[in-house]
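Report on one structure; see the data block that follows.
The values are calculated or read from the model by the stated rules, or taken from the named source; none is laboratory data. All values reported here derive from a predicted model rather than from experimental measurement. Ideal geometry is used to build each Cβ from the backbone, glycine not excepted, and the neighbour counts take in all protein chains shown. What goes into the accessible areas is simple: the full protein's heavy atoms, side chains included, and nothing from ligands, DNA or RNA. Shrake-Rupley method; radii C 1.70, N 1.55, O 1.52, S 1.80 Å.
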Amino acid sequence: MKYILLSLVLAISFTIQAQDSNQAETSIDAQFKQLLDDSNNFKEYKVVKETDINKLRKNANESIQKLNENITSLESSIVTKDNRITTLENELAGINTELSEVNAEKDSMNFLGIQTNKGFYNTVVWSIVGLLAFLFIFMSLRFKNSNATTKAANKQLATTEEELEDLRRKSIEKEQKLGRQLQDERNKYAKLKGDK
């Protein structure tokens, strides 16, 4: 019997709590309408039970308290999110700075110990290549011209040496011929002197 009575009391208390929670869960406006519908009329006034108005006040205070808790929770969530956004913005700024540095490094290179832009480097290198190509062509033309001049001079030298050799040979022949004639004359002179 005690168990049945205890079970009955528990069932009733759960039912009352469920009704209270249903009333708390319904909107305050709906509760006001329900209160006015349930109240009695006296002339142009409404007569409301004190327990009903106290229950409505309690429910309104609980709703206000829940709303205030939600507001506080949302405000702290907003502050947390704002802090997180600020942190992420700072990280993004740092990453953008690093990205700019990486792009600057990618677009530049170390040339003769100086950090230079790739465009400037390309300009310098191609200018040097162009200058060297110009000097190569210029020197090749000068060499060709000098080589042609040297060949002509060597040909002229060979011709002159041949002429000089001919002249020397002729000169030696003439000298030998004159030497023979001189010897012949000496022999004749010596013979003439010997005959006397």
### Message
Can you find a residue that is of a type in the set (A, V, I, L, M, F, W, C) and surrounded by fewer than 10 Cβ atoms within 10 Å (Cβ to Cβ) anywhere in segment 174-193?
### Response
yes
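Confirm whether residue 96 is more than 30 Å from residue 28 (Cβ to Cβ), open to solvent by less than 80 Å² (accessible area, probe 1.4 Å) and of a type outside the set (Ser, Thr, Tyr). Give the derivation first.
Working: more than 30 Å from residue 28 (Cβ to Cβ): yes; open to solvent by less than 80 Å² (accessible area, probe 1.4 Å): yes; of a type outside the set (Ser, Thr, Tyr): yes.
Considered against the rule, which asks whether it is more than 30 Å from residue 28 (Cβ to Cβ), open to solvent by less than 80 Å² (accessible area, probe 1.4 Å) and of a type outside the set (Ser, Thr, Tyr), residue 96 comes out as yes.
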### Task
Taking residue 124 as the residue in question, decide whether it is surrounded by 10 or more Cβ atoms within 10 Å (Cβ to Cβ) and in contact (Cβ under 8 Å) with a residue 12 or more places away in the chain.
yes
#### Entry: Lone unmet requirement of (1) among the hydroxyl-bearing types (Ser, Thr, Tyr); (2) modelled with pLDDT under 80; (3) under 59 Å from the mean Cα position of the chain (by Cα); (4) open to solvent by 80 Å² or more (accessible area, probe 1.4 Å) for residue 108
(4)
### Search result, residues across segment 1-58 that are modelled with pLDDT of 55 or more, assigned to a loop (DSSP other than H, G, I, E, B) and open to solvent by 100 Å² or more (accessible area, probe 1.4 Å)
43, 44, 49
